[in-house]
Each structure stands twice: as C-alpha cells, then as structure tokens.
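Following: one structure in structure tokens, then a few remarks.
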Amino acid sequence: MQLPESLQNAIEQECSAFSHEALRTASKQLTSLYQEKRASSVPFFQNAVARTAYLAVRMPATYAAIHRVLLECKRKMGVSPSSFLDLGAGPGTGSWAAAEVFPELDSLVLIEKSRPMAEIGQKFCREAETPFLQSATWLCQSLEDALPSSDLALLSYVIAELSPSQVESLMERLWEQASTIVILEPGTPEGYRRILKVRDWVLKRGGHLIAPCPHREACPMQAPDWCHFPARVERTRMHKFLKGATLGYEDEKFSYLAFGKDPIKTPLGRIVGPVKKGSGFVQFPLCTDGKLEKKSVSRKQETYRSARNSQWGDAWL
C-alpha cells in the first residue's frame, strides 16, 4: 500500500521546510508519546515540526489501515455512499482513503478541532486531483457540537481521547445522523477493549455489524489474545530515515468495527491471525458463530484456492 502520489508529494513539500535531523528528533518524541499513551494529553501538535513529523511517519500507516477497513466495508455494504463525514479528521487521512475506495462519493465534511492541523488538511485537499476532496467542507469544532448527516461516518483513532460519557453522547448523535459508521483504534489490547464497548452499545441498540465480526455473539477472544488486524504500507526513504528503520515496509496494527442500521449478509467467518501456507495445506485461526477454531484446508478441498489467496483479516466464505 502506498499513499496517492499527490498526497505523498504534498507531505514531502511540507517536510522540505525542516531539516532531516529536526524531523527525526520530533519523530522520536512522537513515538515515545504514543508508546506512553500521552499523545492526547500534551500540546505536541502545536509545534510545526511535530505536525510535519506526524505527516511523514504516521499519516501513511493510518491511511493504509483506514483504506483496508473501508475496502472491506465496500465489499459488504451493498450500497454506494454519496456523503462522507470524517470526525477528528486530523489532516484528512481518512478522507483521502475514502476518495480512493469510494470514487462515487460527492460530499465531504471533515471535523477537526486543531486549527493548525485542519489548515494542513485543507491545503492538501486543494492540491488533490479529485473534486470530492477539493470541495470538502472543513469544520474546526469539537465533536460535542452538532454533527451533519452522512451516508458514511468515520472515527479514526479518536475515541481514546474521549471520556466514556463523551463516547456515549457521540455514538447517540452519530446513530441519528449516519447510515453507516466505521471506528478504528490502535491494534492494542486497550484499543480492542474500546472497540468491544462500542460493539456492545451497537448490539443493544439493534444495530447490524458489517465487519469484522461475522456474528452477534460475545467475542470469543480471550486474554492474552485480542482481535486486531494488520495493514502493510511501503516506506519511503524519508520514512525509513525518520523511523531509523531498515525494512522497506511497516505493518500498522489496528482494531475496528463497522456497523449500520440495515442488515447485511455476513460471512461464515473472519480470519483473525496469520495464515500459514504449507505444502498442500493452508491453516489459519477463524472466528465464526461466536467461536474460535483452527481452520485447515487441504489441496483436495474446493476452498483450497480461496484459502491460498487469503490473508489475516479477510472474510472467510
């Protein structure tokens, strides 16, 4: 997975205003803040170098995760959305992914309370190649303010920054204003637990799960395991330098939930771990009907080709 060329060019242009060493220092500080779970409690993004480091090291990984989730939703939704709401949009990462996955979208509203980050996002959108992004409406406001209606709403790496009462209020208002809602959180045990709480809320409300869950039963994942998925993004030379990395790619781990008001046909199961491909067989952990099982498919079975082409996070049949 790579960023759209115009977006990558825009990020590189922002990076050119600072030295590589300044960006690398800010990148290390950003990594520490995320690891210590303090990113939302410090004025880190008030600093221009810090914001630019975020664009270079976090925007590509976030884009890859959102793109994969939206693509899975597109396969299952059965309808084409025309309006998109990006909540806690940051520089608009989710909206760029939505533009790629849903080219039929024609209306976009982004809500971001950080004015400096919103200004960067607006600049990037003006340089985009699609009218959907170019004509976007940006609202610099809190998520506690009134929300516009939309066919598809995205909350990407946001609810960790909200209190339980704020999450409850936001979900109530989103339920009234959006047809389909997608929520992503970091692929950590804490992120997974936050997703589980939203899942419980959705089921009590009578909502319908789109992905990743193939059932409405209690999640069968038990500690020390948790439900999360990977998205791979190719690293640019700048990205490798800022992260001090040697590999040419990065795997972003995330947990997510997509749900709506209308029922859909759910898959038999979801692959919830690495797929092992041997000589004449494929094995993977499968979540199905409220249970976890170790699925094994041999060359003699009709589903063998599907199994060989599957990866962690895919729906199964």
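Read-outs: derived from the displayed coordinates by stated rules, not from any lab. If you're wondering where the values come from, they're calculated on a predicted model, not measured in any experiment. Don't worry about glycine lacking a Cβ; one is built from the backbone with ideal geometry, like all the others, and counts go over all protein chains shown.
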By DSSP, what percent of the beta bridges with both residues in the chain are antiparallel, rounded to the nearest 5? 60
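Kirkwood hydrodynamic radius, the chain, all distinct C-alpha pairs: what's the number in Å?
Numbers: mean 1/r = 0.0491 Å⁻¹.
Over the chain, the inverse of the mean reciprocal pair distance is 20.4 Å.
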Can you bin every Cα-Cα distance in segment 131-253 into 10 Å intervals starting at zero and give me the percent of pairs per bin, rounded to whole numbers? 10, 34, 32, 21, 4
Would you mind checking the radius of gyration and Dmax of segment 158-317 based on alpha-carbon positions, in Å? 17.8, 53
Average projected area [Cα convex hull, segment 269-316], square nanometres: 2.9
If the cut-off is 16 Å between C-alpha atoms, which aspartates and glutamates fall inside it for K276, apart from same-chain ones fewer than 8 positions away? E293, D314
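What's the longest bit of the chain with no exposed trypsin sites (Lys or Arg not before Pro), using DSSP loop states and at most 11 other Cβ atoms within 10 Å as the test? Spell out each step's value before the answer.
Values: sites that count: R38, K265, K300.
Longest run free of exposed loop sites: 39-264.
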Give me P(r) over segment 1-156, computed from all C-alpha to C-alpha distances, binned every 5 Å, as integer percentages. 1, 9, 18, 22, 21, 15, 9, 4, 1, 0
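Could you give the size of the charge dipole of the chain about its Cα centre, using +1 on the Cβ of each K and R and -1 on the Cβ of each D and E, expressed in debye and rounded to the nearest 20?
Numbers: 40 positive and 35 negative charges, 272 e Å.
Its charge dipole is roughly 1300 debye.
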Using a Gaussian network for the chain with springs between C-alpha atoms less than 10 Å apart, which of these wobbles most: S107, S165, S142? S165
Roughly how many Å is it from the Cα centre of segment 57-125 to that of segment 176-198, as a whole number? 16
Anyone know which of H20, H67, H228 comes out most mobile in the 10 Å Cα GNM of the chain? H20
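Which three semi-axes in whole Å describe the equivalent ellipsoid of segment 99-150, each the square root of 5 times a Cα gyration tensor eigenvalue, listed largest first? Before the final figure, lay out each step's value.
Details: eigenvalues 77, 45, 10 Å².
Semi-axes (√(5λ), whole Å): 20, 15, 7.
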